[in-house]
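Working notes, beginning with the structure itself.
What follows is calculated from the coordinates using simple rules that are stated; it is not laboratory data. Treat the numbers as computed from the prediction; the structure is a model and nothing was measured. Quick reminder, even Gly has a Cβ in these numbers, built from the backbone with ideal geometry, and neighbours come from all protein chains shown.
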Amino acid sequence: MRTLSLVSRRLAFVGALLLLWEALTGGLGLPAILDPIIVARPSAALQEIARYSASGLLVKDVTVTLQEATIGLLLGIGGGVVFGLLLGYLRPLAETVEPVLVAFNSLPRIALAPVLIIAFGLGIASKIFLSLFTVFFVIFFNTYLGIRSVDPELVKALRVMGGDRWDLARYVVLPSVFAWIFAALRTSVSFALSGAVVGEFVGSTSGLGYRMVISAGLLDTNRTYAILLLLMAIAVVLVEIAKRVEDRLLRWRPTAILAS
Amino acid sequence: MRISIEGVGIQFRKGVKVLDDVSLEVATGDFVALLGPSGCGKSTLLNAVAGLLDPAECAMLGRIALDGGARNGTRLGYVFQRDTLLPWRTLAENIHVGMEIHAVPVAHREQRTRELIALVGLDGFEHYYPHQVSGGMRQRVQLVRTLAYEPEAILMDEPFGALDAQNRMLLQAELLRIWERRRTTILFVTHDLAEAITLAQRVVVLSKRPGRVKRIYDIPLPSPRDPFEMRASPAFAELETRIWKDLRDEFRAVPA
Ligand SMILES: Nc1ncnc2c1ncn2[C@@H]1O[C@H](COP(=O)(O)OP(=O)(O)OP(=O)(O)O)[C@@H](O)[C@H]1O
Ligand SMILES: [Mg+2]
């Protein structure tokens, strides 16, 4: 397993999956086990991506969805960090609002989609809000827990050196909180994307999620699967970026060796 | 800096009485070793001196004064029993922290860090993160990051406890050299009798919990001392036998 590079092994695996899928749906001259009307053939879905792209709609839809997810992600992270720090530092306030936050957090956040569409309409605002909410809670709870789990021994060490409150924040609290936040970055990225897409499912006029429900409604299996593949590809790229950012920023951390 | 501990008794809210009527005067420039069985309250006493005890967790009787007064603004160093390097800072950056807090100019800071890194033989490891170096190396960084901002008194809690015999002696020698040059007041906790005699001018034996001062010994060994040679001297052996008699009884006794 060591002789091939990781990338080539991964590509080979994806290729094998696609071939298997192609075979099951009657490609490669084999009898179809899955009806291609219900499950699209990957070759047909890929061709559909080309057609979709040529029509100019693909770029437009991807742009809208990414815009919603990115703005939602950034606002969600910002809001989560600010509120997390605020409540982490203000214990009495935190104790007061905790039950409400827990209640919100245990709500399936996607369930907010219809409410947000009523409030903010079919445009991108309602999707940004949905993205924002899903991300907000992840980041908020991580920030909050991050503050709570600051190592008291490190705080003591800094205090003996003569550190004041600001020094404590700068040398101990913020770095350890950031570790928690960065660790939630990958999850947040995929949450932001799901928020945007689900929002589009529920009610919108453009975006990948919108195009997907429309295609499914028309029983255009090829296009539906084409969009599904696109969403997967986008998610993989975004999560990989998040992972790189995380590895870079957390390079001080020991990496657990789970398997060699 | 002078450390005066007067009639200190400490009881944790959980009901454990840790220290009882401990009085100890550490004069400016003195090197005092605190020796006692595990759990007798040595770390607790250092925390009390450093002002780190949480009043919500424990009650303290008596008084602790630094240079006769409160500890406002005094420069204190503390080498903890546990590793307290900041994991997100490299070794060099860890050494910087105290100097940054005390606003030592950047150029001077870099210069000092280089000297200190060399002092404890860590050249080439400046930019490693704590998890990338050995426990002994981390312990050495803990020591020099405290020396870096030139505290007026240093509390040390078994700073060499986790080291192998060789590194331990090397660092003891280093600490002695530094102390002989600077005469910084040092209060040093250990449960290794030979280490206490090697380093200190005075050795304080604490009883088992609740810790009381059982006896204070003067260590009239000549300076400069060499940890690699001293053990062979008859004076060292004689002191060791004498103090061990006291200590043995406390080690043997089951904590109350
Ligand atoms: N925060 C705390 N709450 C309750 N009890 C505590 C607390 N900290 C310490 N103790 C108790 O105080 C006693 C003395 O602890 P301390 O750490 O001072 O011992 P020590 O002499 O340093 O021991 P060792 O040599 O093993 O480090 C122990 O019995 C411990 O259980
Ligand atoms: Mg201790």
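Couple of notes before you dig in:
- Of the DSSP H helices in chain A, those whose Cα atoms cover at least 24 Å axially and whose Kyte score averages -1.0 or more: A:6-24, A:57-89, A:124-148, A:185-202, A:221-249
- Distance between modelled label sites at A:Val82 and A:Ala16, nm, 7 Å Cα→Cβ extension: 4.9
- The stretch between B:Val106 and B:Glu57, if pulled fully straight at 0.36 nm per residue, gains 13.7 nm over its current Cα-Cα span.
- Across region B:191-216, the residues whose backbone nitrogen lies under 11 Å from the label position 7 Å along the beta-carbon direction of B:Arg231 are B:194-195.
- Ranked by the mean number of other Cβ atoms within 10 Å per residue, highest first, peptides B:223-229, B:154-160, A:161-167 order as B:154-160, A:161-167, B:223-229.
- The rule of thumb for compact globular proteins, 2.2 N^0.38 Å, goes into the C-alpha radius of gyration of chain A 1.25 times.
- Antiparallel DSSP beta bridges within region B:3-253, percent to nearest 5: 50
- A:Glu240/A:Trp166 FRET efficiency (R0 41 Å; Cβ-Cβ; nearest 0.05): 0.65
- Remark on the protein assembly as shown: hydrodynamic radius 27.9 angstrom, per the Kirkwood mean of 1/r across alpha carbon pairs.
- Over chain B, the Kirkwood radius and the radius of gyration, each from Cα atoms, give a ratio Rg/Rh of 0.96.
- Residue-averaged [θ]222 nm for chain B, counting only DSSP H segments that reach four residues, each worth -39500 (n - 2.57): -11500 deg cm²/dmol
- Here the gap between A:Ala111 and A:Glu98, fully extended at 0.36 nm per residue and compared with their Cα-Cα distance, gives a gain of 2.6 nm.
- Chain B: DSSP helices with Cα axial extent of at least 15 Å and average Kyte-Doolittle hydropathy no lower than -1.0: B:91-101, B:106-119, B:135-148, B:165-182, B:234-252
- Here r is the Cβ-Cβ distance between B:Lys245 and A:Arg248 and R0 is 41 Å; the resulting FRET efficiency, rounded to 0.05, is 0.10.
- Fully extending the segment from A:Leu145 to A:Ala183 would add 12.5 nm, taking 0.36 nm per residue of separation and subtracting the current Cα-Cα distance.
- Cross-link reach is defined here as a Cα-Cα straight distance under 18 Å, omitting same-chain residues fewer than 8 places apart; for A:Lys60 the aspartates and glutamates meeting it are A:Glu48, A:Glu68, A:Glu200.
- Distances between placed amide hydrogens fall under 5 Å for B:Phe31 paired with B:Ile186, B:Gln201, B:Arg202, all partners being 5 or more residues away or on another chain.
- Straight Cα distances below 18 angstrom link B:Lys208 to the aspartates and glutamates B:Asp20, B:Asp21, B:Asp157, B:Glu158, B:Asp192, B:Asp246, B:Asp249, B:Glu250, with same-chain residues fewer than 8 positions distant left out.
- Efficiency of FRET from Cβ geometry, B:Tyr128 and A:Arg9, R₀ 30 Å, rounded to 0.05: 0.45
- Peptide A:241-252, shielding by other chains (average Cβ, 10 Å cutoff): 1
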